[in-house]
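Just below is one structure, and these are the notes that go with it.
The values are calculated or read from the model by the stated rules, or taken from the named source; none is laboratory data. On a predicted model such as this, the values are computed, not experimentally measured, just so you know. Using ideal geometry, Cβ is built from the backbone for each residue, glycine included, and neighbour counts are taken over all protein chains shown.
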């Protein structure tokens, strides 16, 4: 039985990345990533990680603003 290498299970795509910074949720769309088709795990290049951090921490003018509901799992 042949096995696939990790390279064969990764696809180049764009994803939406969300992170909480100082109590605010920051959403970054169209982030380039390699995504494992088997597990959904996402891999980012070092340059992409730097850009994500820059956008999340420096808060430039956003492309758009969204409202989203917040639920408490423990409630």
When restricted to 48, 14, the only residue assigned to a strand (DSSP E or B) and surrounded by 10 or more Cβ atoms within 10 Å (Cβ to Cβ) is 14
Only one of 31, 70 is surrounded by 12 or more Cβ atoms within 10 Å (Cβ to Cβ) and without any contact (Cβ under 8 Å) to a residue 24 or more places away in the chain, namely 31
When you check residue 19 against the structure, is it at pLDDT below 95, surrounded by 12 or more Cβ atoms within 10 Å (Cβ to Cβ) and part of a strand (DSSP E or B), yes or no? yes
Unique residue being part of a loop (DSSP other than H, G, I, E, B) and within 22 Å of residue 11 (Cβ to Cβ) when the list is 68, 39: 39
